[in-house]
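Reviewing the structure listed below.
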Amino acid sequence: MQEITFGERNCGGINAPGCIDIYHDAFINNKRGQIAELFVPSFISTIKTMKKSLKIIRFILILFVVYFVLYGCQNTDRQKPNVIILLTDDQGYGDIGFNGNKLIHTPNMDILAKESVRLNNFHVSPTCSPTRAALLTGRYNFRTGVWHTVTGRSNIREDEVTMAQVFAQNGYATGMFGKWHLGDDYPMRPMDKGFQTAVYLGGGTIANMNDYWNNDCFDDHYRVNGEYTPFKGYCTDIFFKEAMNFIKKHRGSPFFVYLATKAAHWPDNVKDFYSNPYKGNDRIPSPNFYGMITNVDENLGKLREELERLGVARNTIIVFMGDNGTSEGIRLGPGGYPTDCGFNAGMRGKKGSPYEGGHRVFCFIHWPAGGIIQGKDIDGLTAHFDIFPTLINMCNLTFTPKKPLDGINLYPYLRGGKWDKDRVIIVESERKEKPEKWRRSAVMAGKWRLINGVELYNLDKDPGQKKDIAQLYPDVVKKLRKDYTVWYKDVFSNWETPSYIVLGTRHEENPILTSHDWLGCVRPDGSPAVNGANEETPPWHQVHARRGTQINGYWNIYIKTQGLYEFELRRWPRELDLEICKGCPASGTPPGGEPYPPGKSLKIESATIQVGNQTKSLPVTTKDKAITFRVNLPKGKTQLKTWFRGKNISLGAYYVYVNKIQ
């Protein structure tokens, strides 16, 4: 009998048990011509060499029916799988009932886990922006210019290619909903990185400096393709609803949805309906934190119901994952070890930590049409940057990367292949403007974990990382330190290349620059503006504006076209419409939350702007809401810095509105 070969797989003939799987692969990968090449010769050969038994005729008829029903009645676009990546914020591995947490109620997440391939040794970056950069590019986040959540080091470089751009180039409708946190100005916004539709909050969470003033999770303003738009309802409900509207609109063609929730990141504002079931239990660190996750779970159920109703559930890939370790799901004791308050699956550390609890998260992958519907565990070492190359293969996307991807294709293992990868993966929480070697680092290789370059743990025998055995295995330490040194030199080879905010283009006519993205942060006396962890920290939250935080820094800007530019310096954003020197009232109290405090008045007397080698100053009166400067600028890359000054007062303008006049 003729043998049929598809790629690297072999089918021993049309009646062989694995043959239908091969035809299925061809269908999923959109190769109808190959189906014909496989089927017709096999059909002729079978007819010539076999007797016309009723059993064989029935089998052939079944194959014809399957072919014409599945393939003949669908156009090429509909054969491509849809993709939904659901990325929750600050929800750790242990913040799901399925993973052993008896305190939390997550029935829809539990069902999805049971119906998915579960990556049980899946790692991300220990904080927000870095995970997003690695996930979307398939590359170590450090290569993309992202290793912090503020200070301009959360802004992805212009030349980095995201999966959204690749999906769009392959005919997909692309939509992003929720938290972006990779830059709020051109060319780093979601619309600049491949998303045709984007509904998102500013910065890294609600009420960051680059978010709409007084957003508090309820009835907020969010950016719709860059323009602030009012919404009614709760943030998580809104982002899921907008995603479902997008899916409904594009259900006739393949779609890619990146749904990145604000939940369960601070602020912990959520209705009592969701938090009340967790109140009064001393073993639960934060009822509101669990309440936000339960609300996400409810929305996940609605999303899956909508996919079924629209008839697209079967051929939709769902990737559900967290962005870092839990933030509030566990109370830690000395040494970062978990207590019995909360649940972290026995892992040491949480968000930001180099220990497992800081970066090992859940990842479930579900795709009925691809045969990924039954619960199965993969225990091999995997990471966030593996998702992109995996989806390229699953969706048969055409993409030739100009920069090498760090991730690997996991699809063969999702389909049941035996894990055969011996790899080293490194995570590191830099959170510094200039990177520091070994800072909060974890070198992972099989059972080994080298922490900060000095501590060694064997997870097979010590999953809680309680016993440092570095002195017992010096050769292992030496080898992993060498791996790290080579890696560090590679991924930080271009760390000095800034991510520039580009001015003077048609893509963003009126950019808004905020102190969230300042570099070179200093206090009035010139000393570095660092927090207790020695991290450069600009005024990144609206509360800092209310306090009148006296810090300053600069923006890296690229003047794309020479001309006359107008810079409007403000202490308060336009929507607040308040004088520079005045204080502001406290905000209202959101459900389950606290009001933002009142803002203090400041006796500011002058404003100064410096762009490149040009410096200008103007007086500030008590009636001024903004001070506007006009500056003729040549094309090129430079820095922008501002000052508001008074007696014993020196700070930068938290908000600068830019307009090209001519």
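Some points to look at:
- Counting only heavy atoms of the protein chains and using a 1.4 Å probe, THR628 has close to 60 Å² of accessible surface.
- ³J(HN,Hα), Karplus 6.51/-1.76/1.60, whole Hz, each residue of region 603-613, x for Gly, Pro: 8, 7, 10, 8, 10, 9, 10, 10, 10, x, 9
- Cut-off under 5 Å, modelled amide H: who pairs with ASP220 long-range: PHE231, GLY233
- The H on the amide N of TRP518, modeled in the peptide plane, is under 5 Å from the matching H of THR151, GLY152, each at least 5 residues off or on a different chain.
- Each other residue within a Cβ distance under 15 Å of ASN245 adds +1 if Lys or Arg and -1 if Asp or Glu, for a net charge of +3.
- Here's the list of lysines a cross-link from LYS603 could span, going by alpha-carbon distance under 21 Å and ignoring same-chain residues fewer than 8 apart: LYS582, LYS616, LYS623, LYS625, LYS641, LYS647.
- Region 361-404: C-alpha gyration tensor shape, a/c 1.5 cut-off, then a/b vs b/c: oblate
- Under a 5 Å amide H cut-off, with hydrogens placed 1.01 Å from N, LYS582 pairs with LEU602 among residues at least 5 apart or on other chains.
- Calculated [222 nm] ellipticity per residue, helices only, for the chain: -7000 deg cm²/dmol; basis is -39500 (n - 2.57) per DSSP H run with n ≥ 4, divided by all residues, nearest 500.
- Burial order of peptide ranges 397-407, 325-335 (average beta-carbon count within 10 Å, highest first): 325-335, 397-407
- Residue-normalised convex hull volume from the C-alpha trace of region 547-634: 141 Å³ per residue.
- Cα-based shape type of region 393-484, given that a ≥ b ≥ c are square roots of the gyration tensor eigenvalues and the cut on a/c is 1.5: oblate
- The GluC sites (Glu not before Pro) of region 340-448 that DSSP puts in a loop, and whose beta carbon has at most 13 other beta carbons within 10 Å, are GLU436.
- Cα gyration tensor shape of region 420-542, rounded if a/c is under 1.5, else prolate or oblate by comparing a/b with b/c: prolate
- 3J(HN,Hα) along region 578-584: 10, 5, 4, 7, 7, x, 10 Hz, from the Karplus curve 6.51 cos²θ - 1.76 cosθ + 1.60 with θ = phi - 60°, whole Hz, x for Gly and Pro.
- Using a probe of 1.4 angstrom and keeping all protein chains present, the accessible surface of the chain works out to 40 square angstrom per residue.
- Residue-level accessible surface for HIS366, protein heavy atoms, 1.4 Å, Å²: 10
- Debye intensity ratio I(q)/I(0), log10, region 187-277, q values 0.14, 0.19 Å⁻¹ (C-alpha model): -0.53, -0.93
- Rounded to the nearest 20 debye, the dipole magnitude of the chain is 880 debye, with +1 charges on Lys and Arg beta carbons, -1 on Asp and Glu beta carbons, and the Cα centre as origin.
- Per atom type, the chain shows carbon and sulfur on 51% of its accessible surface, probed at 1.4 Å.
- Translational diffusion of region 78-136, µm² s⁻¹ [Kirkwood Rh, Cα pairs; Stokes-Einstein; 10 °C; 1.306 mPa s]: 118
- Ratio Rg/Rh [Cα only; Rh per Kirkwood] for region 68-216: 1.02
- Approximate spin-label separation HIS507-LYS478, in nm, with each point projected 7 Å along Cα-to-Cβ: 4.9
- Equivalent-ellipsoid semi-axes for region 506-549 (Cα gyration tensor, √(5λ), whole Å, largest first): 24, 13, 10.
- For the chain, the membrane-span-like helix rule (DSSP H, alpha carbon extent of at least 24 Å along the helix axis, mean Kyte-Doolittle at least 0.0) picks out 32-49; this says nothing about an actual membrane.
- Scattering from the chain was approximated by placing one identical point on each alpha carbon and applying the Debye formula without solvent; log10 I(q)/I(0) at 0.10, 0.12 1/Å stands at -0.96, -1.31.
- Phi to ³J(HN,Hα) by Karplus 6.51 cos²θ - 1.76 cosθ + 1.60 over region 534-549, Hz, x for Gly, Pro: 6, 9, 4, 9, x, x, 9, 10, 4, 4, 5, 5, 5, 7, x, 4
- Under the simplified labelling scheme, the VAL530-ASP340 pair shows an inter-label distance of 4.0 nm, with each label point 7 Å from Cα along Cα→Cβ.
- Measuring against 21 Å, Cα to Cα, the residue pairs LYS351/LYS461; LYS447/LYS479; LYS432/LYS635; LYS467/LYS489; LYS279/LYS351; LYS193/LYS560 contain LYS351/LYS461; LYS432/LYS635; LYS467/LYS489; LYS279/LYS351 as the ones spanning a longer distance.
- Euclidean distance of C-alpha centroids, region 572-610 and region 185-224, integer Å: 20
The values are calculated or read from the model by the stated rules, or taken from the named source; none is laboratory data. Quick caveat: nothing in here was measured; it's all calculated off a predicted structure. Positions of Cβ are generated from backbone atoms using ideal geometry, with glycine treated the same way; all protein chains shown enter the neighbour counts. Accessible surface areas use protein heavy atoms only, side chains included; no ligands, DNA or RNA. Shrake-Rupley method; radii C 1.70, N 1.55, O 1.52, S 1.80 Å.
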